[in-house]
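A short write-up of the structure that comes next.
The values are calculated or read from the model by the stated rules, or taken from the named source; none is laboratory data. These figures come from a predicted structure and were not determined experimentally. With ideal geometry, Cβ positions are generated from the backbone for all residues, glycine too; neighbour counts draw on all protein chains shown. Surface areas here come from the heavy atoms of the whole protein model, side chains and all, with no ligands, DNA or RNA. Shrake-Rupley method; radii C 1.70, N 1.55, O 1.52, S 1.80 Å.
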Number of protein chains: 2
Amino acid sequence: MSSCETCVVRNRAICAGLDNQEIAALNTMGRRRSVGAGEPLIWEDDDSLLVANVIEGVLKLTTSTEDGREQIVGVAYPSDFIGRPFGQTSRASVVALTDARVCVFARNDFDRFAREHPELEHKLLERTLAELDRTRSWMMLLGRKTAPEKIATFLLEMSDRLDDTGCAVKLGPARRFSLPFSRQQVADVLGLTIETVSRQFTKLKNDGVIELPSRREVEILDRPALVALAG
Amino acid sequence: MSSCETCVVRNRAICAGLDNQEIAALNTMGRRRSVGAGEPLIWEDDDSLLVANVIEGVLKLTTSTEDGREQIVGVAYPSDFIGRPFGQTSRASVVALTDARVCVFARNDFDRFAREHPELEHKLLERTLAELDRTRSWMMLLGRKTAPEKIATFLLEMSDRLDDTGCAVKLGPARRFSLPFSRQQVADVLGLTIETVSRQFTKLKNDGVIELPSRREVEILDRPALVALAG
DNA sequence: GACTCGCCTTGACCGATATCAAATCGGTGA
DNA sequence: TCACCGATTTGATATCGGTCAAGGCGAGTC
């Protein structure tokens, strides 16, 4: 499933440009760690001691207000990086949505290594720029889209990111897939309430746009209709 | 006002770590350009030919839907970078909010230079990570905050970013400042309508929290109240 | 099978914010 | 000074999505 069996070694996206000796060094630094579904990885307002590379599973990045409102500000799939290298602390907490395996680095070690290996920093920069773009288009969704548009956009994004096993393998958009999110978590991604999410799902089902074989599974029956709804 | 009179040379935040020869090389590549208030710099869906460094002024990054809804997804102040190095095209358009001066690089030149100068890439990575953090906390605002909370958060952010001349010099939060945004643009930042923005401003004024000496000027009378409202 | 516990769906209602419309303000040029 | 025009404010009303409150369904467990 994962492209990275020995932590970082096989992760082509990250390691391209690193020579064998460098990969070996990274490998020594990193430690594998399993995180059960629902378990946290880095606490909000923590000192952000960790940088991690996702090997398998899906994790959420969230921020919340004092009174308990939560917003999911990012989702990490296999090969994504988590954490905040270089000094500043990140304000987001990380919680596994599915059972996950990650490759964890002490931030200081990682920082030092990265600074000595420009190719790695370049990869990180490219990824961070891509993530920023994704995040910005999500701002459009949060600020300006209606509930039906949000749901349609979300389903299309999921179908692009997931295959029918729930993993982030890309073979073109999946027709049927298994959501790593509960209804509440979908609501937290889209800035909606659980009831609104539920009603919109039901409406799409009644309109013949999707099928819901089980609570976590979605099958897209009419992709063009979804695209039109997404706006 | 600007910390950068000869384009990049004096911009300490970017140039730290570069030697004089490197700075000279960057300087040769960059060309200064003036952008009038309301003028665009890079069009949406363009090939994103430019990378630029803001010298003076404020610019907005926006995405919009086909039917004309607009969301401001970022704001660039002096010393900020604009554009999307390394291949991918950016989906955001850039428009000056005030008269602005920027230092423009052809993207290909910039990419090549950056790849040959790891220190510059490192700075870019740090900035991009910081911008990603800011963007993520803005997602919280868009998805989960109420209109009064949005307005209060916005005013506090402005007071941190601006001094009373409208420039991005930091001497602690400003008590009084001049907004680079019209009411419509404030609405586009916060995911609200112009009417809601106006009503909330009026309410804060009536409650004695702020004063509005003119359409573009704001004076904060009761900062603790604003902080409390921001949530 | 039936009990239980979470999660999800559904329904009734409400309220915050959008929408539509009109009045007012402030700056600009004659 | 006055007329004009766009920006802003204010008012009246509509609506989407939130809130509150029941049910229902499915997966374990006994």
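Scanning region B:128-137 for residues that are within 14 Å of chain A (Cβ to nearest Cβ), within 13 Å of DNA strand D (Cβ to nearest atom), surrounded by 21 or more Cβ atoms within 10 Å (Cβ to Cβ) and of a type in the set (K, R) turns up nothing. Scanning region A:88-112 for residues that are among the small types (G, A, S) and part of a loop (DSSP other than H, G, I, E, B) yields A:S90, A:A92. Across region B:194-220, the number of residues qualifying as loosely packed, with under 14 Cβ neighbours inside 10 Å and more than 13 Å from DNA strand C (Cβ to nearest atom) comes to 3.
Determine whether B:P85 is part of a loop (DSSP other than H, G, I, E, B), more than 10 Å from every other protein chain (Cβ to nearest Cβ) and more than 15 Å from DNA strand D (Cβ to nearest atom). Taking the combined requirement at face value, the residue does not satisfy it.
Residue-level analysis places B:A130 outside the set of residues that are of a type in the set (A, V, I, L, M), away from DNA strand C (no atom under 16 Å from the Cβ), free of Cβ contacts under 8 Å to residues at least 60 places away in the same chain and farther than 30 Å from A:L192 by Cβ. Kindly establish whether B:T146 is modelled with pLDDT of 95 or more, open to solvent by 20 Å² or more (accessible area, probe 1.4 Å) and away from DNA strand D (no atom under 16 Å from the Cβ). Judged against the criteria, B:T146 is not a match.
Apart from one condition, B:E116 fits all of (1) of a type in the set (D, E, K, R); (2) open to solvent by 20 Å² or more (accessible area, probe 1.4 Å); (3) under 28 Å from B:G36 (Cα atoms); the exception is (3). B:T65: polar (S, T, N, Q) and modelled with pLDDT of 90 or more, yes or no? Here the answer is yes, as B:T65 does meet what is asked. For the criterion of being more than 14 Å from the chain's Cα centre (by Cα), of a type in the set (S, T, Y) and modelled with pLDDT under 75, B:T28 fails. Inside region A:170-193, residues that are surrounded by fewer than 16 Cβ atoms within 10 Å (Cβ to Cβ), touching a helix residue (DSSP H, G or I) at 6+ places or on another chain (Cβ under 6 Å) and not hydroxyl-bearing (S, T, Y) make up a count of 1.
Matching residues to (1) more than 10 Å from chain A (Cβ to nearest Cβ); (2) open to solvent by 50 Å² or more (accessible area, probe 1.4 Å):
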| site | (1), (2) |
| --- | --- |
| B:D80 | yes, no |
| B:T89 | no, yes |
| B:A92 | no, no |
| B:D99 | yes, yes |
| B:C103 | yes, no |
| B:N108 | yes, yes |
| B:H122 | no, no |
| B:L125 | no, no |
